Amino acid sequence: MWFYVLKRIALAVAIIVIAVTLLFLMIHAVPGDPAAILLGPRATPEMKAQLYQQMGLDKPLAVQLVTFFVGLLQGNLGFDVFSQRPVAAIVFEQLPYTIELIMVSILWAVAIAVPLGSYSALRRNGVIDQVAGVLTITTIAIPSFVMAVYALLIFAVSLRWLPAIGAGEGISDSIVHLILPAFAIGVGWVGYISRLVRASMLEILGESHIRMARSFGISEWRIVARYALPLAILPTVTILGVGIASLLSSAVFIEVVFARPGIGALIVEAVNTRNYPIVMGTVLVTSFLVVVATTLSDLVAAALDPRTRENL
């Protein structure tokens, strides 16, 4: 197991280096003059040259990349060209809002999807299974930003039950402001996870060790909880790890729709203003989150099922 852990950590580091390099090149390929955008139309050539030197854009692209990685090893992500504050401080100010939104979204989705999928497998082709199948496929088909817009129009604008924008102040107010964004992100995952759990549960319930447990007179719900569910949720654990990237991309749209602070809103603003240090800092942090989540899901799956360790 320890050898598997070391291999996964090494692979994670390699993925982060490759991802940051590719995204660094893609960001610099975006058309537009960052100096003209930052300084405005009245900027003089001398002002542009000074800003280029300050941002390090006057150096060759390879030198800029090496400088970025050297600073990264020293814990330095650069400085914001507007406020002259450290990029790390700005990113980590916004990061808790995004993590909070993602965690609440996926936790409520899993809390509903796993029991729903398990019950649908036990009562296959029943009324609840058929109704749940239609509803879950429908929610999967609707994009999160579309769900966010309709949830905003219905519950915030028409009914005025919930706040429309912002993150709130204080614990109770923050929870209320999280309801609509977390619903918009998580509702599609309820359908996806429930169908995945149902399919896995149906396959496992037909295996020999489950039939043997039934022959000993063990109750069906105990068989499900103790013998079937730990194996049935393995695909869900893997999908959740990989799905962090999808959750982060959904959070970008949701934070813009609900005018919430967070990494998504920060990325959009930084790209629009060609603020390269902020863009690279946010890209690095989000890439790190995706790789860490994927690695943790693989390690959890390997701990639950040792056979998966042979796949790397």
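None of L51, L95, L38, L73 is touching a helix residue (DSSP H, G or I) at 6+ places or on another chain (Cβ under 8 Å) and modelled with pLDDT of 75 or more except L95. Taken over segment 161-176, residues that are in contact with a helix residue (DSSP H, G or I) (Cβ under 9 Å, 6 or more places away or on another chain) and part of a helix (DSSP H, G or I) amount to 2. Considering V279, V256, the condition of being assigned to a helix (DSSP H, G or I), open to solvent by less than 20 Å² (accessible area, probe 1.4 Å) and at pLDDT 75 or above is satisfied by V279 alone. Restricting the first member to segment 154-170 and to residues that are touching a residue at least 40 places away in the same chain (Cβ under 8 Å) and under 16 Å from G262 (Cβ atoms), and the second to residues that are surrounded by 10 or more Cβ atoms within 10 Å (Cβ to Cβ) and among the polar types (S, T, N, Q), the beta-carbon pairs closer than 7 Å and six or more apart or on different chains are A167/S174.
When I171, I137 are checked against the criterion of being at pLDDT below 85, aliphatic (A, V, I, L, M), open to solvent by 30 Å² or more (accessible area, probe 1.4 Å) and farther than 28 Å from I233 by Cβ, a single residue qualifies: I171.
Let's see how each residue does on (1) within 24 Å of F253 (Cβ to Cβ); (2) touching a Ser or Thr at 6+ places or on another chain (Cβ under 8 Å); (3) outside any loop (DSSP other than H, G, I, E, B); (4) touching a residue at least 24 places away in the same chain (Cβ under 8 Å):
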site	(1), (2), (3), (4)
K59	no, yes, no, no
N76	no, no, no, no
Y97	yes, no, yes, yes
Y119	no, no, yes, no
N125	no, no, no, no
V134	no, no, yes, no
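Of all residues in segment 197-229, those satisfying the criterion of being under 32 Å from the mean Cα position of the chain (by Cα), under 22 Å from A132 (Cβ atoms) and not polar (S, T, N, Q) are V197, R198, A199, M201, L202, E203, I204, L205, V224, A225, A228, L229.
When I154 is tested against (1) modelled with pLDDT of 85 or more; (2) of a type in the set (V, I, T); (3) open to solvent by less than 30 Å² (accessible area, probe 1.4 Å), only condition (3) is not met. The residues of segment 177-225 that are hydrophobic (A, V, I, L, M, F, W, C), surrounded by fewer than 12 Cβ atoms within 10 Å (Cβ to Cβ) and not in a helix (DSSP H, G or I) amount to a single one, F216.
Just checking, which of A228, A245, A265, A232 is among the small types (G, A, S), in contact (Cβ under 8 Å) with a residue 12 or more places away in the chain, open to solvent by less than 60 Å² (accessible area, probe 1.4 Å) and in contact with a Gly (Cβ under 9 Å, 6 or more places away or on another chain)? Residue meeting the stated conditions: A232. The listed residues are R214, R198, and the only one of them that is in contact with a helix residue (DSSP H, G or I) (Cβ under 8 Å, 6 or more places away or on another chain) and in contact (Cβ under 8 Å) with a residue 40 or more places away in the chain turns out to be R198.
The values are calculated or read from the model by the stated rules, or taken from the named source; none is laboratory data. On a predicted model such as this, the values are computed, not experimentally measured, just so you know. Methodologically, a virtual Cβ is constructed for each residue, glycine included, from the backbone with ideal geometry; neighbour enumeration extends over all protein chains shown. Heads up: the accessible areas ignore ligands, DNA and RNA and are worked out on the full protein's heavy atoms, side chains in. Shrake-Rupley method; radii C 1.70, N 1.55, O 1.52, S 1.80 Å.
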